[in-house]
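Quick note: the coordinates plus some simple rules give every number you see, no bench work behind them. As the structure is a computational prediction, the values presented were derived from the model and not from experiment. Methodologically, a virtual Cβ is constructed for each residue, glycine included, from the backbone with ideal geometry; neighbour enumeration extends over all protein chains shown.
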Amino acid sequence: MVQPGYYRAIWISDVHLGTRASKAGSLLDFLHHHVAETLYLVGDIVDGWNWGPAWHWSPVQQELVNEIVHWRRRGANVVFLPGNHDEFRVSLVEELFGPIPSTSSLIHTTADGARMLVTHGHQFDGSLNPNRLLPIIGSYAYARAQRIHDWYHRQSGQEGDEGRSFSDYFRYPARKAVEFLTDFRDRAVLAAARDHKADGVICGHIHRSDHRLIGTILYVNDGDWVQNRTAVVEEQDGTLQVIRWSGLHQNLSVSEPMSDGVMS
C-alpha cells in the first residue's frame, strides 16, 4: 500500500473539465495518493468556453469532482480562483463542487513566512493576447480549435519517431509564435508581486510549469492537467516545488519547464 504524500498545500490548475483533453483520471489518481491541509484550484478547472454542443462529461470527470468534494468534507480547505475559461461559469463550478470559497487572488503564507500571491495568471496577459478575443469569437471557433488539438495529439501518439519529427518540423514555428503572444511578461509578474507586497507568485494559465527567480521574486507555475500532469506542492518546512505525476504512484520532481498545451 503506497502511503499518500502529505503537504501543507497543493496547487492545481488548467484541468479543463468538460473537454476530451482533460486528464481527469490522472488527477483523480494523484489526489488519491496525496493529502494537504489546503487545496488551491487555480483556475480553468472547468472549461466554460467549451459549453454547448462540444461539451464532454465523462464518468471519471464526475469521479474527480466527487473526490474534491470529499476532500472538503474531510476537512481540507479547498479554494477556487477562477481562470479565464471559468470566470464566467462560476455558477457551474459551484453547482459541481458546492458553495466553494472563490476569489480572484489571495496571499498564501508559507511555513517559512514567504508571502506568495496566488492567481490564475490570465491577469498578466498583454493586450495582444488572443485569450482576450476567444470569448468574443465564441464557442464554435473554440470547439474547432479543440478538435484540431485533439487530432494533433492523437496523431502524434500513433506516429513513430520519424513521423513525430516530421510533424514537429511544421509545428515548432507556429508554437513559438503562439508562445510569443500568450506568455505574459516577467515585468507583469513583478508588478503584481510588488503591488501585493508579495515575495513570489504562484499561478497557472500557460500550461507550462516553472520554478525560478524573476529578480528577487519567486515565480512558480503549476502547469496543467491536459498534457503535463503537474502541480505545485508546499512541504512542511515551506519549500515549494513543482512535481509531475507519473501515473505510477510516485512523484517526479520537475526541474525544467514542461511543454505547453494549446488551451491557455
*Derived scalar couplings ³J(HN,Hα) [the range 97-104; Karplus, 6.51 cos²θ - 1.76 cosθ + 1.60; whole Hz; x for Gly, Pro]*: 9, x, x, 8, x, 9, 7, 6
*Determine which residues of the range 24-39 fall in the zone a paramagnetic label at TYR6 would reach in this model, i.e. backbone nitrogen under 18 Å from the point 7 Å along Cα→Cβ.*
31-39
*Can you list residues whose amide H is under 5 Å from HIS34's amide H, if they're 5+ apart or on another chain and H is modeled 1.01 Å from N?*
GLY5
*Quick one: net charge of THR38's neighbours, Cβ under 10 Å, K/R +1, D/E -1?*
-1
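Between TRP57 and ALA188, what length in nm is gained on full extension when 0.36 nm per residue of separation is reduced by their alpha carbon distance? Numbers along the way, then the final one.
Values: separation 131, 0.36 × 131 = 47.16 nm, distance 3.52 nm.
Going from the current span to full extension adds 43.6 nm.
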*Phi-based couplings in Hz for the range 73-84 (Karplus 6.51, -1.76, 1.60; Gly and Pro marked x)*: 5, 7, x, 6, 8, 10, 10, 10, 10, x, x, 5
*For TYR7, TYR40, what's the fewest-to-most ordering of other Cβ within 10 Å of each Cβ?*
TYR7, TYR40
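Please rank ILE107, ILE10, fewest neighbouring Cβ atoms within 10 Å first, as an exposure proxy. Walk me through the numbers before you get to the answer.
On the way: ILE107 12, ILE10 24.
Starting with the residue having the fewest Cβ neighbours, the order is ILE107, ILE10.
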